[in-house]
Amino acid sequence: RLVKVRRSTMWIRQLEVKVVDVAHLPKMDSGMFGKCDPYVMVTYGEKKHKTETKKNTLNATFNEIFTFDIDEAKLSETDLNVEIFDWDRFGKNEFIGSFLVKGIEMERLLQANISTWMPLKSEIKFEGKTRTGKDGSPTSVNPAHVCKGHFPDR
């Protein structure tokens, strides 16, 4: 799945991340037909956003957009982190996996003069290995579209 980047029409410099969907989630809940109750946490700098939790599924569609302000001075140091969790009614929510776009890569993408969504790698990792779903396929996330804020020429 993909993470995509585009420039927005906002006057302030912002980053938009659209969490589209996740696919091939591993079975996390107990029971013969147990599935997963996934949600996605997106972090950029100190700010975090969480999607709605989708119940009892191994593939979930979110289509949620989150906005982050961009700090020009820390652009190359600010990573975009996308994490997937399984919500549990009792006990601690379980970490499924994540992917990270390093700040230097975010800087390259955000400095490009882009006006359409652009893909980014989004392979889900757990303890350094590719996470696979119940069906054996790699767990993937199409979270997101990342969108660069538009500002007037200086």
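The values are calculated or read from the model by the stated rules, or taken from the named source; none is laboratory data. Keep in mind the model is a prediction, meaning the values are calculated, not measured. Don't worry about glycine lacking a Cβ; one is built from the backbone with ideal geometry, like all the others, and counts go over all protein chains shown. Note: accessible area is taken over every heavy atom of the protein model, side chains too, but ligands, DNA and RNA are not part of it. Shrake-Rupley method; radii C 1.70, N 1.55, O 1.52, S 1.80 Å.
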Quiz prompt | region 15-92: trypsin sites (Lys or Arg not before Pro) in DSSP loop, at most 16 other beta carbons within 10 Å | solution = Lys27, Lys55, Arg89, Lys92
Self-check item: FRET efficiency, 1/(1 + (r/R0)^6) with R0 41 Å, evaluated for Thr132 and Ala73 via beta carbons
Solution: 0.55
Practice problem: Quote the accessible area belonging to Val20 in square angstrom, nearest 10, computed with a 1.4 Å probe and with ligands, DNA and RNA left uncounted. | Solution: 20 Å²
Practice problem: Heads up, I need the accessible area for Glu72: 1.4 angstrom probe, whole protein in place, Å², nearest 10. | Solution: 90 Å²
Self-check item: Entries of Lys74/Lys129; Lys27/Lys102; Lys48/Lys74 with Cα pairs more than 19 Å apart
Solution: Lys74/Lys129; Lys27/Lys102
Quiz prompt | Binned Cα-Cα distances of region 17-88, short to long, each 5 Å bin given as a whole percent | solution = 3, 16, 25, 19, 14, 10, 7, 4, 1, 1, 0
